[in-house]
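**Q** What follows is a single structure, and I will ask about it in a moment.
The values are calculated or read from the model by the stated rules, or taken from the named source; none is laboratory data. Bear in mind the structure is a predicted one, so any value in this text is a computation, not a measurement. Note that each Cβ is placed from the backbone with ideal geometry, even for glycine, and that neighbours are counted across all protein chains shown. Protein only, heavy atoms only, side chains kept; ligands, DNA and RNA dropped before computing areas. Shrake-Rupley method; radii C 1.70, N 1.55, O 1.52, S 1.80 Å.
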Amino acid sequence: MTGATVNDEALAEPLRSRWSPTFFDDTETLDRAQVTTLLQAARWAPSAGNSQPWVFLVAERGSGTRAALEEHLSRGNAWVRRPAVVLLGCTQVGPDPAAPPSGKPAKDPAYAHHDLGQAAAHLTLQARTMGLDAHQFSGFDKDAVAAALDLPDHVRLLTGIAVGHRGDPAAAPEAEREREAKPRTRKPLDEVALVRWGEAW
């Protein structure tokens, strides 16, 4: 697969072959068991104090949830209309007024954002083990989608994860074929692994 591997054979699958395509098969569907497995992978992600602050809104093609998302996509994310399912990642950033008081202070929302990221990563890697591809994205009007889907004030919509099978690259517009063919790149380790700021590990 062009652009789908990294030059580090020590990495385990599915880390080695994971990437984020934009040209998905726009005819396929995922069955309920497949989507459930993806959500179970997210469900078992670690979280601060086992708080599990995340919620995923399931936006299957043709659903009202998907329509609400597609109405508010950024121009560069028109490709999000193609995948079989999109999972919208939300996280709790304040106390739930409907929950009984626990006597504990609300957790720092920064942890909730981190924990949603872990759940999204688990879901993305699970997709790869199932022969599916996943592309995380943020290019949409989150406030408008949150309002359309009745999210309460203590929950924040952050990102989406498009999941499905890649479409035939030959059928993609030229600009998308070029984007799909670009090799994956990452910063070198000496920029991200430090012993103190400015000093590589």
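**Q** Provide a single number: the residues in the stretch 6-48 that are without any contact (Cβ under 8 Å) to a residue 24 or more places away in the chain and among the hydrophobic types (A, V, I, L, M, F, W, C).
**A** Within the stretch 6-48, residues that are without any contact (Cβ under 8 Å) to a residue 24 or more places away in the chain and among the hydrophobic types (A, V, I, L, M, F, W, C) number 4.
**Q** Okay, moving on. Determine the pairs where a residue that is over 23 Å from ALA59 (Cβ atoms) and open to solvent by 10 Å² or more (accessible area, probe 1.4 Å), located within the stretch 85-100, has a partner that is of a type outside the set (A, V, I, L, M, F, W, C) and not in a loop (DSSP other than H, G, I, E, B) with Cβ atoms under 9 Å apart, the partner being 6 or more residues away or on another chain.
**A** Correct list of pairs: GLY94/PRO109; GLY94/ARG156.
**Q** Next question. Give me the pairs: first residue in the stretch 139-156 and closer than 14 Å to ASN77 by Cβ and open to solvent by 30 Å² or more (accessible area, probe 1.4 Å), second residue of a type outside the set (Phe, Trp, Tyr) and in a strand (DSSP E or B), beta-carbon distance under 6 Å, and six or more apart or on different chains, which are they?
**A** LYS142/LEU157
**Q** How many residues are among the charged types (D, E, K, R), open to solvent by 100 Å² or more (accessible area, probe 1.4 Å) and either assigned to a loop (DSSP other than H, G, I, E, B) or modelled with pLDDT under 90 (or both) when one looks only at the stretch 181-201? Give the derivation first.
**A** So the first thing to find is which residues in the stretch 181-201 are among the charged types (D, E, K, R), and the list is 182, 184, 186-187, 190-191, 196, 199.
Of the ones still in play, those that are also open to solvent by 100 Å² or more (accessible area, probe 1.4 Å) are 182, 186-187, 191, 196.
This time we only want the ones that are either assigned to a loop (DSSP other than H, G, I, E, B) or modelled with pLDDT under 90 (or both), so: 182, 186-187.
Qualifying residue count for the region: 3.
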